[in-house]
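In what follows, a structure is listed as C-alpha cells, so that the remarks can point back to it.
The values are calculated or read from the model by the stated rules, or taken from the named source; none is laboratory data. Source: prediction; values computed, not measured. Note: ideal-geometry Cβ built from the backbone for every residue, glycine included; neighbour counts use all protein chains shown.
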C-alpha cells in the first residue's frame with residue numbers, strides 16, 4: 001500500500017474551518033449561520049424566528065437523534081449536499097438533549113444513559129468536525145463551569161451531564177464566546193471573543209484573529225484561510 005504524501009498547508013486549506021461558538025440565549029448564535037458561505041442548517045431548536053429577517057436558508061429539522069444520523073449521511077454521501085459550503089449545527093446542546101432522551105429510553109440506569117450520551121456526542125462532534133472540504137459551525141448554549149485543566153470557574157459550552165461540556169473546547173481549533181454589549185448611545189450589539197478571558201472559554205489556534213471580532217463567519221473564514229500560504233510546487237509533486 002503506497003504512502004500518501006500531503007502537507008500541513010494543503011490539509012489546512014482543504015479541511016475547512018470548524019467553529020464552536022457558545023453564548024447566552026438571545027445573543028445571536030442562530031443568526032450567525034446566515035453569515036457563513038452557502039450554509040445548511042441542522043436545526044434542533046424549537047424555532048428559527050430569529051432568522052426570519054435574513055436571507056432564506058435551507059434547513060433540516062432534527063426532531064430526534066435518529067434524524068441526526070440521517071442528516072450526516074445526507075451531507076457526506078448525497079450529491080445534493082455537495083454545493084453546501086458550511087454545515088451549521090444549531091444547537092449542539094439541544095442535539096445532546098435528544099441523544100440523552102434516546103439513551104434513557106434504552107436503559108433504566110441514569111448513569112449508563114449519561115455515559116452512553118457522552119460517548120455518542122463526542123463521536124458525533126468528531127464526525128462532523130472531520131468532514132473534509134466543508135466549514136462546520138457548532139452553536140452551544142453557555143453555562144458557568146469548572147475548567148478541567150485549571151480548576152477555575154469559567155463560562156463555557158453547556159451540555160447535559162458534567163463531562164461533555166468541558167471536553168468540547170479541546171476538540172476545536174476555533175472556540176469563541178459570543179457576547180453582547182451596548183454603545184454609549186444605548187444600542188445593543190454582539191461580538192465574538194476569540195481569546196480566553198478571565199471568565200470566558202475561547203481559543204484561536206490560527207493566531208490571526210483579533211481578540212474581539214465581528215460576528216460574521218464568512219469574514220472569519222476568509223481571514224483564516226488567507227493566512228495559509230498558497231500551494232507550492234513541492235506540494236504538488
Worksheet item: Tell me, which residue of the stretch 66-93 that is assigned to a loop (DSSP other than H, G, I, E, B) and free of Cβ contacts under 8 Å to residues at least 40 places away in the same chain is farthest from residue 138 (Cα to Cα)?
Response: 78
Discussion item. Looking only at residues that are modelled with pLDDT of 90 or more and within 23 Å of residue 168 (Cβ to Cβ) in the stretch 45-62, which one is surrounded by the most Cβ atoms within 10 Å (Cβ to Cβ)?
Written reply: 62
Worksheet item: What number of residues in the stretch 146-160 are touching a strand residue (DSSP E or B) at 6+ places or on another chain (Cβ under 9 Å) and surrounded by 18 or more Cβ atoms within 10 Å (Cβ to Cβ)?
Response: 6
Discussion item. Quick check on this structure: which one of 210, 173, 204 is under 14 Å from the mean Cα position of the chain (by Cα), farther than 22 Å from residue 25 by Cβ and surrounded by fewer than 18 Cβ atoms within 10 Å (Cβ to Cβ)?
Written reply: 173
